[in-house]
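Below you'll find the structure, written out as structure tokens, and then a few comments.
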Amino acid sequence: MQLIPTSSKAIFTQPLRNGRSLTPYLLLIPGLAWLGVFFVIPFFSLLVTSLMKPAGSSVLDGYVNALEISNYMLALQTYWPVFAKSLLYAASATLLALVIGYPLAYHIALRGGRWRNLMLVLVIAPFFASYLIRTYAWKTILADESFITSALNFLNLLPQDRILNTPLAVIAGISYNFLPFMILPLYASIERIDPRLLEASKDLYADSNETFRKVTLPLSMPGVVSGTLLTFIPAMGDFINASLLGSAKDKMIGNVIQSQFVIVRDYPRASALSFILMTLILLIVFFYIRRAGTEDLV
Amino acid sequence: MTAAKTARDVQDLHLVNLTKSYFENVAVDNLSLTIEAGKFFALLGPSGCGKTTTLRMVAGLEEPTSGNIKLGPRDITNLRPYERQINTVFQSYALFPHMDIYENVAFGLRRRKDTTDLDQRVHDMLKLVELDELARRKPSQLSGGQQQRIALARAIINSPDVLLLDEPLGALDLKLRRQMQIELKRIQLETGITFVHVTHDQEEAMTMADTIAVMNAGRIEQMGAPAEIYERPRTAFVANFLGQSNLFEGEIQGPAENDCLAVKVADQTYRIPKTATAQTSGRVVFGVRPEKMTTEDVDKRRGEYDNFIEGVVLDASFTGVSVQYLVETPWGQELTIFERNVDVRELGRRGEKVDVLWRSKNVFVLDPGSDINDGLQYLGEPVVE
């Protein structure tokens with residue numbers, strides 16, 4: 001270092017240092033550009049649309065820019081029961097996925113042994129078929145004449161004598177479709193738990209039950225939080241399951257938005273509904289994370 | 001808590017014919033030993049000798065292939081870990097990261113629903129390990145030494161019959177380790193709990209333990225008080241693993257003066273005390289600790305010692321309190337000598353001829369059939385695994 005004269009050192013290191021400090025920002029550009037074009041611009045365009053009013057008496061006349069806050073009021077007034085129902089379906093489906101997914105993730109992470117990777121592949125295997133195809137398959141599986149329906153009917157377990165076209169089918173479909181999103185984060189957080197902590201717990205007079213409640217479950221909370229969010233958020237806006245597996249009465253808010261956009265072509269109302277849905281989800285997620293207190297977890 | 005200790009009489013821990021094998025690998029081989037109540041017991045051995053497996057079987061974390069574990073008259077072999085009055089201080093500490101220090105320490109008492117004066121007891125325990133002011137911190141905010149002490153507090157608050165310590169100081173630096181050794185010994189004396197300490201660090205074992213069991217390949221090589229097994233090792237493994245030794249192999253010639261036996265090594269004759277062995281003839285392996293030998297100019301003080309070897313200095317290293325010599329015997333064996341730096345004098349030079357002198361009363365004799373190289377492979381093994 002001393003061999004290099006101070007002057008030349010300054011000349012050579014200066015641009016190099018600048019270049020180095022720019023690299024992270026350069027690397028951010030593709031992502032930021034993507035977000036700008038496909039999220040920020042549509043976001044504002046949606047916001048503007050949601051405040052438009054009709055240009056004439058017919059839908060075909062199109063819409064003009066305005067500040068129609070009443071679009072939101074009307075949308076809420078008309079559709080709040082659908083929001084409530086969507087919330088109920090999405091929450092039930094998330095809970096069902098958690099109840100099914102946790103034992104599975106626990107088993108793969110702690111008892112999987114050499115089958116662990118195979119089981120993980122099986123968990124994500126449904127992704128190899130398209131979402132739509134899988135849901136159509138459920139239509140067949142849950143059909144009135146299907147084996148499952150007749151078996152459950154034989155046991156008198158179905159109040160409506162059928163599964164398809166009932167809320168149960170919608171919830172089951174959502175649970176099934178988002179189950180891998182529940183299992184993978186759960187698996188990752190359970191797998192990360194130091195097995196010596198479980199030994200320490202048993203050494204300190206906790207039986208298996210208490211070890212699970214006091215050590216395993218609290219330490220897997222990050223997985224529970226991210227798994228439930230990854231299931232709940234898309235489930236809230238889903239419309240495929242409700243339209244294929246549910247009856248007309250079981251429509252979710254996603255179905256309403258879709259039909260307002262595509263069939264009725266009431267763009268302002270559809271946009272307002274989208275915004276209400278987005279706000280609702282953000283609020284729920286915010287309070288959920290505060291409650292779960294993930295920042296306290298390791 | 002001392003009151004609770006004296007109220008319940010503490011029981012000896014017995015391991016009876018304990019064996020643990022994994023497929024054809026035998027980790028612990030028909031081990032039998034009794035650990036006296038209220039004592040500081042060390043299981044010392046190189047890594048892979050089965051000492052940790054033994055500890056885990058006592059804790060209930062590993063199931064023995066055969067044999068029994070008894071606490072007093074009670075057989076606890078098949079009890080679950082949480083059903084045993086035994087607690088462990090894990091090598092990794094294994095503190096619960098989602099709980100603060102207070103809750104970590106209170107964990108055992110809460111699980112046993114033993115919550116009378118819980119708050120008082122937790123704080124007393126934290127005071128014992130001198131960390132009361134950190135009660136509301138999370139484990140990750142503590143240093144290694146502090147975590148170590150919390151792991152200890154979390155275990156002994158339950159006043160177990162036996163406390164198991166699995167290399168508890170392994171992750172600490174040298175200075176902290178010395179400090180914790182004294183601390184551990186103090187806490188053991190204060191609580192009166194039986195401590196079973198697993199370690200591969202012979203100095204650590206000797207500093208703290210009342211009794212040391214040296215383990216090798218799943219078996220106990222020798223068991224006894226630290227001074228006893230250091231001064232009278234019975235196997236080459238113990239002689240070489242616990243400190244260093246100069247071992248000789250020779251043929252007993254017959255009785256010699258001063259209650260000694262004459263032993264021929266190469267073409268020289270040495271004296272060993274008759275009391276050190278039951279053998280009166282045949283092949284014998286004996287040894288002398290390096291600090292019990294001294295070097296001197298040739299033929300200068302042979303009269304004061306009853307054994308000498310005229311050797312050649314291979315190396316001399318000055319360490320301040322002592323000088324470590326490496327001397328080659330006429331038959332090509334290398335001897336290590338630690339000479340206390342009592343008088344200022346010139347260091348022996350490489351290639352110089354010297355007398356190596358020792359007294360026969362300092363000689364120990366190994367069991368017949370010992371291989372003098374046994375245990376040498378662990379010399380200079382790093383202290384931290």
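The values are calculated or read from the model by the stated rules, or taken from the named source; none is laboratory data. Bear in mind the structure is a predicted one, so any value in this text is a computation, not a measurement. As a convention, Cβ positions derive from the backbone with ideal geometry for all residues, glycine included, and neighbour counts pool all protein chains shown. Side chains are part of the model used for accessible areas, which takes the heavy atoms of the whole protein and leaves out ligands, DNA and RNA. Shrake-Rupley method; radii C 1.70, N 1.55, O 1.52, S 1.80 Å.
Choose one of A:Ile190, B:Asn30, B:Ile69: the residue whose Cα lies farthest towards the positive end of the charge dipole of the protein assembly as shown (beta-carbon charges +1 Lys, Arg; -1 Asp, Glu; about the Cα centre). Projecting each Cα onto the dipole axis, the largest value belongs to A:Ile190. Couplings 3J(HN,Hα) of segment B:349-355, computed from phi: 9, 4, x, 6, 8, 9, 9 Hz, in residue order, whole Hz [Karplus 6.51 cos²θ - 1.76 cosθ + 1.60, θ = phi - 60°; x for Gly and Pro].
The length gained by stretching the chain between B:Asp100 and B:Arg301 to full extension, at 0.36 nm per residue less their Cα-Cα distance, is 65.7 nm. The GNM of chain B, with springs linking C-alpha atoms under 10 angstrom apart, assigns the highest mean-square fluctuation among B:Val342, B:Val263, B:Val26 to B:Val342. Between A:Ala292 and A:Leu95, the C-beta separation translates, for a Förster distance of 22 Å, into a calculated FRET efficiency of about 0.90. Taking 7 Å steps out from each Cα toward its Cβ at A:Ala143 and B:Glu83 produces label points 5.5 nm apart. Using a probe of 1.4 angstrom and keeping all protein chains present, the accessible surface of the protein assembly as shown works out to 51 square angstrom per residue. Residues considered: A:Lys251, A:Lys53, A:Lys214. Largest GNM mean-square fluctuation over chain A, using C-alpha springs under 10 Å, is found at A:Lys214.
Within the listed set A:Leu22, A:Leu219, A:Leu74, the residue fluctuating most in the Gaussian network model of chain A (springs between alpha-carbon atoms under 10 angstrom) is A:Leu22.
Just to verify a number: FRET efficiency for A:Thr23 and A:Asp161, C-beta to C-beta distance, R0 = 56 Å, to 0.05?
E(calc), rounded to 0.05, equals 0.30.
Each Lys or Arg adds one and each Asp or Glu subtracts one; over the other residues with Cβ under 9 Å from the Cβ of A:Ser201, this totals 0.
With each run of n ≥ 4 DSSP H residues scored as -39500 (n - 2.57), what mean residue ellipticity at 222 nm is computed for chain B after dividing by its residue count and rounding to the nearest 500 deg cm²/dmol?
Values: 9 runs with 87 residues, N = 385.
Calculated mean residue ellipticity at 222 nm is -6500 deg cm²/dmol.
For the chain pair A and B, the buried solvent-accessible surface (1.4 Å probe, both sides summed) amounts to about 2100 Å².
With a threshold of 23 Å on the Cα-Cα distance, the over-threshold entries among B:Lys274/B:Lys353; B:Lys264/B:Lys361; A:Lys202/B:Lys113; B:Lys274/B:Lys300; B:Lys51/B:Lys127; B:Lys113/B:Lys185 are B:Lys274/B:Lys353; B:Lys274/B:Lys300; B:Lys51/B:Lys127; B:Lys113/B:Lys185.
A cut-off under 13 angstrom between Cβ atoms defines the neighbours of B:Val354, and their net charge, with Lys, Arg +1 and Asp, Glu -1, is -3. Across chain B, the relative contact order, built from alpha-carbon pairs under 8 Å that are at least six residues apart, equals 16 percent.
Remark: the protein assembly as shown carries a charge dipole of roughly 2740 debye about the Cα centre, counting +1 on each Lys and Arg Cβ and -1 on each Asp and Glu Cβ. Could you compute the net charge surrounding B:Asp75? Neighbours are other residues with a C-beta less than 13 Å from the C-beta of B:Asp75; K and R count +1, D and E count -1. So the environment of B:Asp75 carries a net charge of +2.
Once neighbouring chains are kept in place and the probe is 1.4 Å, which whole percent of the accessible area of the protein assembly as shown is contributed by carbon and sulfur? Mind dumping the intermediate values first?
Numbers: 20560 of 34830 Å².
After summing per-atom areas, the C and S share lands at 59 percent.
Only one residue of B:Val196, B:Thr295, B:Leu242 has its Cα farthest out toward the positive end of the dipole of segment B:166-299, where Lys and Arg carry +1 and Asp and Glu -1 on Cβ, and that residue is B:Val196. What the Cβ-Cβ distance of B:Asp124 and A:Phe212 gives, at R0 = 30 Å and to the nearest 0.05, is a FRET efficiency of 0.50. Compare each residue of segment B:66-103 in its chain alone against the assembly with all protein chains, and report those whose accessible area goes down by 20 Å² or more; 1.4 Å probe, heavy atoms. The answer is B:Pro81, B:Tyr82, B:Asn87, B:Phe90, B:Ser92, B:Ala94, B:Phe96, B:Pro97, B:His98 - residues whose exposure falls by at least 20 Å² when every protein chain is included. Given H placed on each backbone N at 1.01 Å, which residues far from B:Gln222 in sequence or on other chains put an amide H within less than 5 Å of it? Correct list: B:Val214.
Working from label points 7 Å from Cα in the Cα-to-Cβ sense, the A:Val264 to A:Gln77 distance is 1.4 nm. Interface residues of segment A:174-197, defined as those with an accessible-area decrease of at least 30 Å² between the chain by itself and the complete set of protein chains (probe 1.4 Å), are A:Arg196, A:Leu197. Short-range pairs are left out: with C-alpha atoms under 8 Å and at least six residues apart, the relative contact order of segment B:56-112 is 25 percent. Note on segment A:98-177: with charges restricted to the Cβ of Lys and Arg (+1) and Asp and Glu (-1), its dipole about the Cα centre is near 440 debye.
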